[in-house]
1. Inside region 98-118, can you point out the residues that are of a type in the set (S, T, N, Q) and not in a loop (DSSP other than H, G, I, E, B)?
2. Does region 37-46 hold any residues that are of a type outside the set (G, A, S) and closer than 15 Å to M56 by Cβ, and which are they?
3. Quick one: in region 144-155, which of the residues that are in contact (Cβ under 8 Å) with a residue 40 or more places away in the chain and open to solvent by less than 30 Å² (accessible area, probe 1.4 Å) is nearest to S51 (Cα to Cα)?
4. So which residues in region 35-48 are modelled with pLDDT under 95 and surrounded by fewer than 21 Cβ atoms within 10 Å (Cβ to Cβ), if there are any at all?
5. Filter region 119-132 down to the residues that are assigned to a loop (DSSP other than H, G, I, E, B) and surrounded by 12 or more Cβ atoms within 10 Å (Cβ to Cβ) and list them by number.
6. Can you tell me which residues in region 16-34 are crowded, with 16+ Cβ neighbours inside 10 Å and part of a helix (DSSP H, G or I)?
7. Please state which one of I97, I64, I20 is over 16 Å from the mean Cα position of the chain (by Cα) and either closer than 16 Å to V144 by Cα or not small (G, A, S) (or both).
Amino acid sequence: MKIVIIDYGAGNIQSIKFAIKRLGFEAVLSSNEEEIKNADKVIFPGVGEASSAMRMLRQSKLDILIPTLKQPVLGICLGMQLMCSKSEEGETTGLGIFDVPVIKFNNSVKVPQIGWNQICELSSPLFKNIKESEYVYLVHSYYVSECEQTIATSEYGVKYSTALRKNNFYGVQFHPEKSSNAGEHILKNFLEL
């Protein structure tokens, strides 16, 4: 199986590579259009700030490529947020795969949310054999409201989407590569889709 992690300069790529290696697979880091198109599975990571990450995607024309991919694609953290229509962070226009905006947590909670939180209302093969209210690791100041593409939720001052799905595109707000056994199992489920 050919697994490509999209390399656009905004990702915690090593920990994802190690997590995939622990599952018995090798992942390739690439920004090459043909290599990404020909992968069996694509992982779209992201750490950092939305507008600068989007700028890097545009410079490498990956903003045009990613929405056209036909194989399973998994956006992680900022990767998931960039797959949305827009983000309040830097007033950024996203890839528009998920037709929903990314908004900032209000001042009633400590921002960013850092640490373990429960995922609930799991409704996708991505969560096969994951128990309801399992804990995952999150670091984020912005979130996606519940919408028709929501496949998991969490609560932090407000109930929000911790995972989205539309066709072959999946997004998780949490970091599966840092979410212990549950996260590793979710990555395995993605690779088995």
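The values are calculated or read from the model by the stated rules, or taken from the named source; none is laboratory data. As the structure is a prediction and not an experimental result, all values here were calculated from the model. Methodologically, a virtual Cβ is constructed for each residue, glycine included, from the backbone with ideal geometry; neighbour enumeration extends over all protein chains shown. These area figures cover heavy atoms from the full protein model, side chains too; ligands, DNA and RNA do not enter into them. Shrake-Rupley method; radii C 1.70, N 1.55, O 1.52, S 1.80 Å.
1. Here is the first cut: in region 98-118, the residues of a type in the set (S, T, N, Q) are 106-108, 113, 117-118.
Those that are of a type in the set (S, T, N, Q) and not in a loop (DSSP other than H, G, I, E, B): Q113, N117, Q118.
2. The first filter runs over region 37-46 and keeps only residues of a type outside the set (G, A, S), leaving 37-38, 40-45.
Selection gives F44, P45.
3. If we filter region 144-155 for residues that are in contact (Cβ under 8 Å) with a residue 40 or more places away in the chain, which is where we start, we get 144-145, 147, 149.
This time we only want the ones that are open to solvent by less than 30 Å² (accessible area, probe 1.4 Å), so: 144, 149.
On the way: V144: 17, Q149: 23 Å.
Here the residue is V144.
4. Within region 35-48, V47, G48 meet the criteria.
5. Selection gives E121, L122, S123, S124, K128, I130.
6. I16, K17, A19, I20
7. Details: I97 fails: over 16 Å from the mean Cα position of the chain (by Cα); I20 fails: over 16 Å from the mean Cα position of the chain (by Cα).
Within the list I97, I64, I20, the selection yields I64.
Every residue, every condition in (1) open to solvent by 50 Å² or more (accessible area, probe 1.4 Å); (2) touching a helix residue (DSSP H, G or I) at 6+ places or on another chain (Cβ under 8 Å); (3) touching a residue at least 40 places away in the same chain (Cβ under 8 Å); (4) assigned to a loop (DSSP other than H, G, I, E, B), yes or no:
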| position | (1), (2), (3), (4) |
| --- | --- |
| G157 | yes, no, yes, yes |
| Y160 | no, no, no, no |
| F174 | no, yes, yes, yes |
| N181 | yes, no, no, no |
| L187 | no, yes, yes, no |
